[in-house]
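Scroll down for the structure; my scribbles are underneath it.
The values are calculated or read from the model by the stated rules, or taken from the named source; none is laboratory data. Every value quoted in this text rests on a predicted model; they were computed, and no experiment measured them. Because the Cβ atoms are built from the backbone with ideal geometry, glycine has one as well, and the counts that use them run over all protein chains shown.
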Amino acid sequence: MSFEDLGLAPFLLRALAEQGYENPTPVQEQAIPLVLQGHDLLAGAQTGTGKTAAFGLPLLQHLATSAQEVRGGARRPRALILTPTRELATQVHDSLRGYSKYLRIPSTCIYGGVGMGNQLDILRRGVDLLVACPGRLIDHMERRSVDLSGIEVLVLDEADRMLDMGFLPSIKRILAKLPKQNRQTLLFSATFADPIKQLALEFMRSPREVMVTPRNTVAETIAHRVHPVDAGRKRELLLHLLAQESREQTLVFAKTKHGSDKLATFLDKSGIKTAAIHGNKSQSQRLRALGDFKAGRVTVLVATDIAARGIDINELPKVINYDLPMVAEDYVHRIGRTGRNGASGQAISLVAQEDAKYLRQIVRLLDRDMDIRDVPGFEPQTPIRWGNSAPGKAEQPGGERPPRRGGGGRGGQRDAAPGPRRGGAAAKSAAPRGEGGGPRREAQPAGTGRRRRGGRGRGKPAQPSSAP
Ligand code: AMP
């Protein structure tokens, strides 16, 4: 299927061709025709799937091919895209500017952490398209510097994350100011927990649904590796791992803002060019850090979960979890930045005893084996207790101890308490396999991770269907 087949206009096709887009991604293939037909849409798609163009292209086509209902002479925004973070807002805005290269669609991007003056000037002059973070948009609404009564298309991008960040009340306040009739609403989210469904039920009209990434699955091309380590030696181990491949661009996740700063300073002083990105950094510092990382001026970017959300870095070979996320779903978001578009990627986690419980939750969520191995010289003094299974160290350097669960795949019987465990006889004899069947792989040489067994396929597009 080509972009032309989806019904996109020549002025967009030309811009896409110049950007090197040859074929639509699955979410684009499914969403674009529905949005062009004017349907509300619930889309399950994460960053990296091409979701921005999936809503952006039909939205731009709508703006370019239909006229605004003029009221009182003032130009009011016609389309509003809400995003959880400043970084994502900037990226979405940049992407849409690229797609609308051959159009004249005045637009702006508004977010907090920067002065109001410039945003006020642009809003006063008038825009058709507004990309905004909820907090700052509310500020503008309170100042009456923005009039949302002319919004024809609303996009909630990364809606799950907006809710996680506590934006639900702000979103509802914004929604209350939008026209109820003749508004098209598009909601994109990686996950569909109940509050998202509730939001959809309340504010959408018979939305169609497309799903390109089944919940909580990750690219098959990613190798997941876990290095057990004593908490006090994590920094040293990280440095050791980074030093082995000193020029490899690596995104490192830390739990706290303070922790990210300390880690970045430590790595930088140790000779690895590092930047940190987190919520206490100013917008310009964050953009600079991201720009330096993308341009290769820094090799390592240390980030917290929220700051990293929406960062668009293509083909990142490696993500290291210096700290495991406390919420297992964040693991999926973190490593979604590697292994994109079929490229191989590595997700490495440094796990100390106190984090073993988080690893168990991740394994359960992913339904996937992990390759657990000690790094020689960094074996934990205190053997890590993985839960139900035997505590201990790797049986031999390079050997693997896959966390596992039984009966992989839909409909399979779960272990009573799935959790990491040694790759001994018990793991190897685990009988039931997922739908995929096929022989189970035995221990692998160092450097290879286990792949998930059978079970859910990835990216199997669902047929568009009706409301949730
Ligand atoms: P997104 O999921 O919107 O953040 O997009 C992820 C990346 O994929 C961005 O760098 C896009 O520029 C790129 N992209 C989106 N759609 C396509 C496509 N059809 N062909 C090639 N690259 C694409």
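Given the structure, is residue 285 of a type outside the set (Gly, Ala, Ser) and surrounded by fewer than 16 Cβ atoms within 10 Å (Cβ to Cβ)?
Judged against the criteria, residue 285 is a match.
Can you go through 206, 170, 189 and tell me which one is in contact (Cβ under 8 Å) with a residue 24 or more places away in the chain, under 23 Å from residue 48 (Cα atoms) and of a type outside the set (Phe, Trp, Tyr)?
Sole residue among the options that is in contact (Cβ under 8 Å) with a residue 24 or more places away in the chain, under 23 Å from residue 48 (Cα atoms) and of a type outside the set (Phe, Trp, Tyr): 189.
Taking the conditions exactly as written (under 20 Å from the mean Cα position of the chain (by Cα), on the phi < 0 side of the Ramachandran plot and in contact (Cβ under 8 Å) with a residue 12 or more places away in the chain), does residue 276 satisfy them or not?
So residue 276 fits the description; yes.
Among the residues of region 230-261, count how many are touching a strand residue (DSSP E or B) at 6+ places or on another chain (Cβ under 9 Å), in a helix (DSSP H, G or I) and not assigned by TED's automatic domain parsing to the domain that holds residue 384.
So the answer is 4.
Determine, yes or no, whether residue 61 is more than 18 Å from residue 82 (Cα to Cα), near the ligand (Cβ under 7 Å from one of its atoms) and either assigned to a helix (DSSP H, G or I) or under 19 Å from the mean Cα position of the chain (by Cα) (or both).
Here the answer is no, as residue 61 does not meet what is asked.
Could you pull out the residue among 105, 81 that is outside any helix (DSSP H, G or I) and within 15 Å of the ligand (Cβ to nearest atom)?
81
Any chance region 123-146 includes a residue that's in contact (Cβ under 8 Å) with a residue 12 or more places away in the chain, of a type in the set (Gly, Ala, Ser) and either touching a Pro at 6+ places or on another chain (Cβ under 6 Å) or closer than 22 Å to residue 40 by Cβ (or both)?
yes
Criterion first (surrounded by fewer than 22 Cβ atoms within 10 Å (Cβ to Cβ) and in a helix (DSSP H, G or I)) does residue 198 satisfy it?
When the stated conditions are applied, residue 198 passes them.
Quick one: which of 90, 52 is near the ligand (Cβ under 10 Å from one of its atoms) and either in a helix (DSSP H, G or I) or assigned by TED's automatic domain parsing to the domain that holds residue 204 (or both)?
On inspection, the qualifying residue turns out to be 52.
Whether any residue in region 193-200 is in contact with an Asp or Glu (Cβ under 7 Å, 6 or more places away or on another chain) and among the β-branched types (Val, Ile, Thr) is what I want to check.
Within region 193-200 (the criterion being in contact with an Asp or Glu (Cβ under 7 Å, 6 or more places away or on another chain) and among the β-branched types (Val, Ile, Thr)), the answer is yes, since at least one residue qualifies.
I'd like the residue in region 318-346 that is modelled with pLDDT under 80 and not in a loop (DSSP other than H, G, I, E, B) and, out of all such residues, is nearest to residue 359 (Cα to Cα).
Result: 329.
Of the residues 7, 50, which is at positive phi and surrounded by fewer than 16 Cβ atoms within 10 Å (Cβ to Cβ)?
7
What do you reckon, is residue 225 assigned to a strand (DSSP E or B) and under 30 Å from residue 349 (Cα atoms)?
yes
Might you let me know whether region 12-35 holds any residue that is away from the ligand (no atom under 13 Å from the Cβ), under 30 Å from residue 278 (Cβ atoms), crowded, with 20+ Cβ neighbours inside 10 Å and in the same structural domain as residue 182 (by TED's automatic domain parsing)?
Scanning region 12-35 turns up no residue that is away from the ligand (no atom under 13 Å from the Cβ), under 30 Å from residue 278 (Cβ atoms), crowded, with 20+ Cβ neighbours inside 10 Å and in the same structural domain as residue 182 (by TED's automatic domain parsing).
Pick from region 52-76 the residues that are under 19 Å from residue 101 (Cα atoms) and of a type outside the set (A, V, I, L, M): which of them is modelled with the lowest pLDDT?
So the residue we want is 66.
Can you find, within region 1-11, the residue that is nearest to the ligand (Cβ to nearest atom) among those that are hydrophobic (A, V, I, L, M, F, W, C) and closer than 12 Å to residue 58 by Cβ?
Only one residue tops the list, namely 3.
In this structure, does residue 185 turn out to be of a type outside the set (D, E, K, R), part of a loop (DSSP other than H, G, I, E, B) and surrounded by 16 or more Cβ atoms within 10 Å (Cβ to Cβ)?
Answer is no for this residue.
One line per residue, one yes/no per condition, for (1) of a type outside the set (Gly, Ala, Ser); (2) more than 17 Å from residue 89 (Cα to Cα); (3) at pLDDT below 85:
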residue: 280; (1), (2), (3): yes, yes, yes
residue: 289; (1), (2), (3): no, no, no
residue: 297; (1), (2), (3): yes, yes, no
residue: 304; (1), (2), (3): yes, yes, no
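(1) crowded, with 20+ Cβ neighbours inside 10 Å; (2) away from the ligand (no atom under 16 Å from the Cβ): which one isn't true of residue 68, the others all being true?
Only one criterion in (1) crowded, with 20+ Cβ neighbours inside 10 Å; (2) away from the ligand (no atom under 16 Å from the Cβ) is unmet by residue 68, namely (1).
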